[in-house]
1. So if I check each of Thr376, Thr460, which one is under 30 Å from Arg27 (Cα atoms) and among the hydroxyl-bearing types (Ser, Thr, Tyr)?
2. Looking only at residues that are crowded, with 23+ Cβ neighbours inside 10 Å and among the hydrophobic types (A, V, I, L, M, F, W, C) in the stretch 139-152, which one is modelled with the lowest pLDDT?
3. With the requirement that a residue be charged (D, E, K, R) and either surrounded by fewer than 24 Cβ atoms within 10 Å (Cβ to Cβ) or not assigned by TED's automatic domain parsing to the domain that holds Arg621 (or both), what does the stretch 441-458 give you?
4. Residue check, Gly93 against (1) modelled with pLDDT of 85 or more; (2) on the phi > 0 side of the Ramachandran plot, all met but one. Which one?
5. Can you tell me which residue among Val294, Val299, Val287, Val308 is closer than 22 Å to Val678 by Cα, at pLDDT below 90 and touching a Ser or Thr at 6+ places or on another chain (Cβ under 8 Å)?
6. Restricting to the stretch 149-172, name every residue that is touching a Ser or Thr at 6+ places or on another chain (Cβ under 9 Å) and among the small types (Gly, Ala, Ser).
7. Taking only the stretch 471-487 into account, find how many residues are modelled with pLDDT of 85 or more and over 47 Å from the mean Cα position of the chain (by Cα).
8. Report whether or not Ala142 is within 15 Å of Pro724 (Cβ to Cβ) and touching a helix residue (DSSP H, G or I) at 6+ places or on another chain (Cβ under 8 Å).
Amino acid sequence: MAVEPAPPRVTTDLAVGGMTCAACVRRVEKKLARLADVTATVNLATGRARVEHPPHVRPEDLVAAVEGAGYTAALPEPPRGRRRGPAVDAAPGADRPERGREGERLWVTALLAVPVLVLSMVPAWQFRNWQWLCFVLAAPVAVWGAWPFHVRAVRGLRHAAATMDTLVSLGVVASFGWSAYALFLGGAGDPGVRMHFSLLPMAADGPAHVYLEAAVAVPLFVLAGRFLEARARRGTGAALGALARLAAREVAVREDGTERLVPIEELTAGRLFVVRPGERVATDGRVAEGTSAVDLSLVTGESEPAEVGPGSAVVGGAVNAGGLLLVRATAVGADTQLARITRLVTEAQAGKAKAQRIADVVAGVFVPVVLVLAATVLGFWLGAGADPQAAVTACVAVLVVACPCALGLATPTALMAATGRGAQLGVLVRDARALEGLRHVDTVVLDKTGTLTTGHMTVTRVTAVPGGLGRDAVLRLAGAVEQGSEHPLGRAVLTYARRDPSVRGPLPQVRDFAATAGLGVRGRVEGRLVELLAPDGVLPDALAEALAASETAARTPVLVRVDGAPEALIEIGDVVRPGSYRAVDRLRRLGVRAVLATGDREAPARAVASALGIDEVHARRTPEDKAALVRELRAEGHRVAVVGDGVNDAAALAGADLGIAVGSGTDAAIGAADVTLVRDGVEGLADAVRLARRALGTIRANLIWAFGYNLVTLPLAAAGLLTPMLAAAAMSVSSVLVVGNSLRLRTWQPSPGRRAPR
């Protein structure tokens, strides 16, 4: 019986406005989930909803569902021009007008509220009719200053929803309403009345007590807390803004010998563009003319400038630190590495850790429970014969202190900071699940070729016969002969000879070149017959020793004969990347077991494993064998990560608990991976594990604080041991502390011995 393919799914991102706490997040998710076959993940810190839905569900339906929950929603702006790269709206400052209005509201509220707080807390400064001045100053704060809370609370009630704004609005209305009653009807408005301030609620002794300080302190502290919280949240997303700023707006293209400046949208693959010293490379490409050094730190996390010349690949966003470069574009818009990095970071910041999903469920019922608790506290104190104002005070304190905002910010702010810092270090995490997977990995299966090694043939050693022509002269002759060869071994010898500083000047010309398949090459250079062959026969002692060593190390030996006499042995192999040993050693120190799995022969695999200190080796493994090995390790109870760079690694990457691709790998490997190491090699792997463990530790600390705060403060408020003013301050501080704790991830440093990019 044929299995019907799964129906296609579409992913749509929405910008959601009006959310203030985890209860809002939960409500938006539930409203979207009521649509058929729709699932949504809403992020409070970014104000974004990522929605997966069938094609027949239109984006307009999603917007209507969010608006039906009492919030605003908008689709992202369509890209302008041809296939743009990083999103324009990711740039910092897009919400600056709204921030300006909230800042103005905060400062005006502070100017009106501070005199009320001072006069209410310092009896010696309470002049005749001081309470009426406080009432006049407090009225605009309770109405205009707290207006956003009132509006959102009413909007929520129209949709039968209660959020943190409901609690704040009720607290302000109750405090101000009680104070108005006390002034007009309770005797507190008499000219000579003075009020004594106490950190603990007190029963009335004489005229009713006014709580104007609470009526102004609640909106003041909440507005201040949200202002600081918003600034900190923008800080957690600073890396994404930095990536957006790397995108070029214009580029100087060269055609028919002329140069002109065009918008980046008009640049297409294959066109030549100019990069002057100090400028950013406009898009991915290969150098056609010129030599320079490029700074890749903001793109790959590599702090050392890379030397480039004709044929070298360059990445869009890199800074040209040297000479003039003429570059031919190979990828533009959304296909560039910078766009891919930005896309992965954005997607990662939209995710949720498992603990946060539980917290959101709790927050969804938290506010209604608090409303019931506040009404119960009011009824209990009144029923117990307490003074009405003490009962109202305890009720208002419960409403104000119970803030689920910290619950909603615990994970997204930490995730934003961690993924942003990871991007700066060249570690791209796809989502929160991948971050959790990194935290628990105990076994890493490593590919060899292109992952632990460079992936191309390189000369590793040249041994010359003592008393012969000498190493430099032989290398010069060998490089000259290989100018006519297309064999990988020949190209390795030629490249090495050209780059060796001891070989001075250009290589001489070769005549009578001949190549024999399986045997080697020969030619005449400066009148001498030069041959590069597989070693055979009796060799001089020095060359025989070098030959034995090369076979042990699984390198390919090439014998150089000049005029029939053996002169040198050149050893060629796929060399281990400089950072591979450090990467494996750091994994070992973190308690992670390294396993080498490769399709290469046993001897090269064992040689690389021995050099890196890896005990378990699986050679001659097909892609199916690698995937089976992963299944075996998982069946044994291990949390397995696979690191690879090729198409042959894609199946193992997809079947592991966590797939990790190196950035220089194929699209198939990167597409199947959960984590991408932008830099070549695996040196950043241990840093990725350490960053994940630190991030998950920060998330746990945030959630413990958010839950613990409410467990402690709610009983105190219900018992009448917190004034509304202190409750408002405590509630605001809790959110700021959670965000501040997450911000520490922005300064996290990688393993010793590696410099972090500035």
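1. Of Thr376, Thr460, the one residue that is under 30 Å from Arg27 (Cα atoms) and among the hydroxyl-bearing types (Ser, Thr, Tyr) is Thr376.
2. Once the filter is applied, the top-ranked residue is Phe149.
3. Answer for the stretch 441-458, where residues must be charged (D, E, K, R) and either surrounded by fewer than 24 Cβ atoms within 10 Å (Cβ to Cβ) or not assigned by TED's automatic domain parsing to the domain that holds Arg621 (or both): just Asp442.
4. Unmet for Gly93, out of (1) modelled with pLDDT of 85 or more; (2) on the phi > 0 side of the Ramachandran plot: (1).
5. Step by step, each of Val294, Val299, Val287, Val308 is checked, and only Val308 is closer than 22 Å to Val678 by Cα, at pLDDT below 90 and touching a Ser or Thr at 6+ places or on another chain (Cβ under 8 Å).
6. Within the stretch 149-172, Ala153, Gly156 meet the criteria.
7. 10
8. Criteria met by Ala142.
The values are calculated or read from the model by the stated rules, or taken from the named source; none is laboratory data. The structure displayed is predicted, hence computed values, not measured ones. So basically every Cβ, Gly included, is an ideal-geometry build from the backbone, and we count neighbours across all protein chains shown.
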